[in-house]
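Novice: Supplied in structure tokens, the structure appears directly below.
All of the numbers you see were taken from the coordinates with simple rules; none came from a lab. Since this is a predicted model, take the numbers as computed values, not measurements. A quick note on method: Cβ atoms are made from the backbone with ideal geometry, for glycine too, and the neighbour counts reach across all protein chains shown.
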Amino acid sequence: MILSSDSGMTSNARHLPDIRLRLAESSDLDALCDIENRSFEVDRLTRRAFKRFVGSETARLTVAEAGKDGTVVGYALVIFRRNVALARLYSIAVLPDHRGQGIGRALIAQAEELSLDFGTPIIRLEVSQKNTDAIRLFTENGYREFDLYPDYYPDHSNALRMEKVLVPNAMHLPSPIHFYHQTLPFTCGPAALMMAMNALDGDIELDRSLEIALWREATTIFMTSGQGGCGPLGLALAAYKRGFEAEVLSSRDGPLFVDTVRKPQNREVVELVHYDFARQALDAGIAVTTGPFGIAEIEERTKRGKMALVLISQYRIYGDKIPHWVVVSGFDERFVYVSDPDIGEDHEPYTGSDCLSVPILRQEFDLMARYGRDKLQAAVFIDKKAG
Ligand SMILES: CC(C)(COP(=O)(O)OP(=O)(O)OC[C@H]1O[C@@H](n2cnc3c(N)ncnc32)[C@H](O)[C@@H]1OP(=O)(O)O)[C@@H](O)C(=O)NCCC(=O)NCCS
């Protein structure tokens, strides 16, 4: 595919040299490694990494060819995560003797076009605070600094985190949420609850002892295999015990996921836990509404200042059919902003703040927030207690 260097170019582009942009192929690997070696001292992408990104479904590696012989003089790599409206401009480089001619700018514009094609309207990147050339280029191209990682690179320099919203109405809402990464595979519920409680009350400490205490209080004990996760009633009760108002919406009456538990004696335990939670919730005056609900019900409550924990299926994110709790921190006309306590298996290059207030297209979220064949839905809303 030959992409014109004019595509997506801004009017600032001065006399662009004769360059063509296209997706990288395996035959470009030598040239890519050469650009990498001549552009970076440390943290270089390896040949193997480049090879993995060529033709990857979740990455777009664009090369810039210059001159009549089509020498590859630059590249930009943008990577995606399925169903997450956030792309990462992972690396960009131009051969030293071709810099300052607008090739970097053209590569950025192309990376942005490809991100929009993929359905990701926000691009984030990290750049060393020392790399003033690159920072200037990104700033001039509309990227804004939103965070800083101290002592991030091998040379101890700080990383600036920069972001550009490519679609004007996809506003990134300011969120009061601090990220907490679940430290165990079955503690998404506690981690989500901790983020939600902390957003309402900054005195709530985000630490492992709370994570484990919440899990012990809210777990249904058994799941398909291994440890049980936390159900909506258990989470609502745990919040209530810590001085929050809680409300539960669930599409189903009775215990959730009990049918995924194989052994009958374990199913019995899940049921016992559920009915005990239900009785405690009733005693505590926690409102529990049974029946299907939609984004509108969640949005209406968050607009009233409540924090929402919503059960989603990780299937649409990671391909695993695992029920998973996330925090919903905001809405706009296009997106639902979700904070996900699970960074995912590919910890690199995604990090904590990539999981904070991540925009997900409304229709995608609507599909995610229904688990399994039965389209099970559950949400817990918490709020500060009145008075
Ligand atoms: C950062 C990098 C990719 C920029 O590539 P580039 O091709 O030089 O970028 P551009 O030419 O588009 O823009 C660079 C400068 O040239 C200017 N420029 C653009 N077109 C021009 C033209 N036709 N004539 C003269 N100058 C031009 C730009 O305005 C910009 O100048 P300014 O920053 O003073 O305003 C390149 O410096 C590089 O490879 N650095 C090493 C790797 C690196 O640090 N990557 C980023 C890490 S995330």
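Novice: Can you give me the distance in nm between label points at GLU25 and HIS178, each placed 7 Å from the Cα along the Cα-to-Cβ direction?
Specialist: Between GLU25 and HIS178, the simple spin-label model gives 5.3 nm.
Novice: In region 188-384, if the dipole is taken from +1 on Lys/Arg beta carbons and -1 on Asp/Glu beta carbons about the Cα centre, which of PHE381, PHE335, VAL273 is farthest to the positive end?
Specialist: With unit charges placed on the Cβ atoms, the residue in question is VAL273.
Novice: Return THR224, THR219, THR46 ranked ascending by Cβ neighbour count within 10 Å, so the fewest neighbours appear first.
Specialist: THR46, THR224, THR219
Novice: Something else now. So for region 188-384, what are the equivalent ellipsoid semi-axes in whole Å, largest first, each being the square root of 5 times an eigenvalue of the Cα gyration tensor? Mind showing how you got there, number by number?
Specialist: On the way: eigenvalues 107, 77, 62 Å².
Here the semi-axes work out to 23, 20, 18 Å.
Novice: Now a separate question. Put a dot 7 Å past each Cα toward the Cβ at LEU272 and LEU166; how far apart are the dots in nm?
Specialist: About 5.4 nm separates the two model spin labels.
Novice: Rounded to the nearest 20 Debye, what is the dipole magnitude of region 3-165 about its Cα centre when Lys and Arg each give +1 and Asp and Glu each give -1 at the C-beta?
Specialist: 280
Novice: Then there's this: What ranking do 232-240, 325-333, 27-35 get when scored by the average of other Cβ atoms within 10 Å per residue, highest first?
Specialist: 232-240, 325-333, 27-35
Novice: For the chain, what is the calculated [θ] at 222 nm in deg cm²/dmol (nearest 500), taking -39500 (n - 2.57) for each run of four or more DSSP H residues and dividing by its residue count?
Specialist: When only DSSP H runs of four or more count, the value is -9000 deg cm²/dmol.
Novice: Taking 0.36 nm per residue of separation and subtracting the Cα-Cα distance, what length does fully extending ASP147 through GLN129 add?
Specialist: Extra length from ASP147 to GLN129 when fully extended: 5.3 nm.
Novice: Please report, for the Cα atoms of region 126-263, the Rg to one decimal and the Dmax as a whole number; what are they, in angstrom?
Specialist: For region 126-263, the Cα-based Rg and Dmax read 20.5, 62 Å.
Novice: Something else now. What trypsin sites (Lys or Arg not before Pro) in region 15-61 are in a loop by DSSP, with at most 16 other Cβ atoms within 10 Å of the Cβ?
Specialist: Answer in residue order: ARG44.
Novice: Amide H neighbours of GLN314 under 5 Å, at least 5 residues apart or on other chains, H built in the peptide plane: list them.
Specialist: Answer set, sorted by chain and number: ILE322, HIS324.
Novice: Still on this structure, please answer the following. In debye, nearest 20, what is the charge dipole magnitude of the chain about its Cα centre with +1 on Lys and Arg Cβ and -1 on Asp and Glu Cβ, if you could check? Could the numbers behind the result be given before it?
Specialist: Details: 44 positive and 54 negative charges, 99 e Å.
Charge dipole of the chain: 480 debye, to the nearest 20.
Novice: Name the residue from PHE293, PHE179, VAL358 whose Cα lies farthest towards the positive end of the charge dipole of the chain, charges +1 on Cβ of Lys and Arg and -1 on Cβ of Asp and Glu.
Specialist: PHE293
Novice: Nearest-5 percent of antiparallel DSSP beta bridges in region 3-165?
Specialist: Working: 33 of 36 bridges.
Antiparallel bridges make up about 90 percent of those DSSP assigns within region 3-165.
Novice: Give, in nm to one decimal, the length gained when the segment between ARG279 and ARG208 is fully stretched (0.36 nm per residue of separation minus the Cα-Cα distance).
Specialist: Between ARG279 and ARG208, full extension yields 22.7 nm more.
Novice: Under 4 °C and 1.567 mPa s, how fast does the chain diffuse according to Stokes-Einstein, given a Kirkwood radius computed over C-alpha pairs? Answer in µm²/s, whole number.
Specialist: The estimated diffusion coefficient comes to 57 µm²/s.
Novice: Whole number please: convex hull volume per residue, Cα atoms of region 3-165, in Å³.
Specialist: On the way: hull volume 17.8 nm³, N = 163.
Hull volume over Cα atoms, normalised by residue count, gives 109 Å³.
Novice: Could you work out the local net charge near ASP383, counting Lys and Arg as +1, Asp and Glu as -1, over the other residues with Cβ closer than 9 Å to its Cβ?
Specialist: +3
Novice: Please count, across the chain, the pairs of lysine residues with Cα atoms under 20 Å apart that sit 8 or more places apart or on different chains.
Specialist: 9
Novice: Count neighbours as other Cβ atoms within 10 Å of each site's Cβ, and list the trypsin sites (Lys or Arg not before Pro) in region 71-166 that are DSSP loop with at most 16 such neighbours.
Specialist: Values: sites: ARG81, ARG82, ARG88, ARG99, ARG105, ARG124, LYS130, ARG136, ARG144, ARG161, LYS164; in loops: ARG81, ARG82, ARG99, LYS130.
Answer by residue number: ARG82, ARG99, LYS130.
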